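The values are calculated or read from the model by the stated rules, or taken from the named source; none is laboratory data. Computed from a predicted model, the values in this text were never measured in an experiment. Note that each Cβ is placed from the backbone with ideal geometry, even for glycine, and that neighbours are counted across all protein chains shown.
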Amino acid sequence: MFDVNKIRKDFPILSKTINGKPLIYFDNGATTQKPKAVIDSIVRFYSEQNANIHRGVHTLSREATILFEEARKTTAQFINASEEEIVFTAGTTDGINIVANGLNLPAGSEIIITEMEHHSNILPWQLWCERNNGKLKVLPINDDGTLQINKLEQLISPSTKIISVAYVSNTLGVINAVDEIIKVAKFNNIPVLIDGAQAVPHMKVDVKDLGADFFVFSGHKMYAPTGVGVLWMDKKWLPKLQLSKAGGGTIKTVSFERTEYAEGTLRFEPGTPNIEAVIGLAAAIKYVNTIGIENISKHEHTLLKYATEKLNEMPEVEIYANHLDKAAVISFNVKGAHPFDVGTLLDKYGIAVRTGHHCTQPLMKHFNIPGTVRASFAMYNTLEEVNEFTEALQKSIKMLS
């Protein structure tokens, strides 16, 4: 049974007060808070297990290596992948860069992204295009935030070499029809990268069923530490994707004349990795599995529906992508007020929301706004917190009018 009050006790920071008021944390789209199970796993590693991995024969090193590789197995099972397809990265941004720099696309290639992409899924491709005379093509959105999927075929040409798209918009919460995109891409023999950073915390992901070529996500969006992420790639890409970073741990043999690199995922993990964060990621996944991703999704949707109804009762509030076919994210503005001012006033009530362009400036341009206020929910948020939030927002609106 899903018990939000019991869950809240697992997150130490939720007992914190801000400006004399209980913390209400609605900035989960930026980063989630960490349960004690994750915190304890990191403390335990540094207190009892700390050693470098893969190359040591002593006991601590072997124990640390086992923990690290068990984390790979846990992560693979979480998204229904094989262990040999999992690359640990510094996060979603790092994963996209590894793919963008490793595909070895021919000069002049065209790359398709969407109008709602996070900057992390724009800049790596944009840089590649600038350096290789490539062209970035953009699939537009409708005013309700959904993609104009019907225009995808029109964007595809013989020069199209990859399609890279967010599963869930970090700003709008819209869940994209990635299955349709992948179907079109496969028909045209074009690989697909899915940015799953905002998907894995909110819904069940099965990469085998999805059928994409690459899938990336970050740990810190789903209750794990910062500085760790995952790049999943279909096995066929393991020998094809060129290295963009090299170093210790990626090799079989090294000489001044020639280096022979390791096979499989290890060749994409140079140097000493963020070992404790990978172990923390595994702890976070186990915690999520204990609660149940379906239960989390259902609870978050209840929060989304309730908060949307409350905000729609306020004539001063404009919601972007004002529907419920999305993850637990609401982006809105108070008419006549700057989002920064709204966020600052809400903070006085102990309410943490995100304000600004959310690393989606082209999306802001579409709506002709400087930014939004974004409230994003997680498993530990409550209906009572939504009530406190909407009451504080009403008070803030009066102060701004």
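If I ask for residues that are in a loop (DSSP other than H, G, I, E, B) and small (Gly, Ala, Ser), which ones from the stretch 358-401 would you list? Gly371, Ala378, Ser401, listed by residue number. Looking only at the stretch 335-355, residues that are of a type in the set (A, V, I, L, M, F, W, C), buried (at least 22 other Cβ atoms within 10 Å of the Cβ) and not in a helix (DSSP H, G or I) come to 2 in all. Checking each residue in the stretch 174-211 for being of a type in the set (D, E, K, R) and either assigned to a loop (DSSP other than H, G, I, E, B) or within 14 Å of the chain's Cα centre (by Cα) (or both) picks out Asp195, Lys204, Asp206.
A single entry from Gly95, Gly145 fulfils the requirement of being crowded, with 22+ Cβ neighbours inside 10 Å, in contact with a Ser or Thr (Cβ under 7 Å, 6 or more places away or on another chain) and assigned to a helix (DSSP H, G or I): Gly95. Looking across the stretch 157-186, just one residue is within 24 Å of Asn132 (Cα to Cα), without any contact (Cβ under 8 Å) to a residue 40 or more places away in the chain and of a type in the set (A, V, I, L, M, F, W, C), and that is Ala185.
Inside the stretch 232-252, residues that are out of contact with any helix residue (DSSP H, G or I) (no Cβ under 6 Å at 6 or more places or on another chain), at pLDDT below 85 and not basic (Lys, Arg) make up a count of 3.
The single condition from (1) assigned to a loop (DSSP other than H, G, I, E, B); (2) out of contact with any Lys or Arg (no Cβ under 8 Å at 6 or more places or on another chain); (3) hydrophobic (A, V, I, L, M, F, W, C) that Val216 fails is (1). Note on the stretch 267-291: among residues that are assigned to a helix (DSSP H, G or I) and of a type in the set (Ser, Thr, Tyr), the one that is nearest to the chain's Cα centre (by Cα) is Tyr287. Just one of the numbered conditions (1) surrounded by 15 or more Cβ atoms within 10 Å (Cβ to Cβ); (2) in contact with a Lys or Arg (Cβ under 6 Å, 6 or more places away or on another chain); (3) without any contact (Cβ under 8 Å) to a residue 60 or more places away in the chain is not true of Ile194: (2). Here is the figure for the stretch 356-382: residues that are buried (at least 17 other Cβ atoms within 10 Å of the Cβ), among the polar types (S, T, N, Q) and farther than 15 Å from Ala307 by Cβ total 1. Tell me, yes or no, whether the stretch 294-307 has at least one residue that is among the aromatic types (Phe, Trp, Tyr) and not assigned by TED's automatic domain parsing to the domain that holds Glu110. Within the stretch 294-307, one or more residues are among the aromatic types (Phe, Trp, Tyr) and not assigned by TED's automatic domain parsing to the domain that holds Glu110. For Lys221, the test of being at pLDDT below 95 and either in the same structural domain as Asn97 (by TED's automatic domain parsing) or not hydrophobic (A, V, I, L, M, F, W, C) (or both) is failed.
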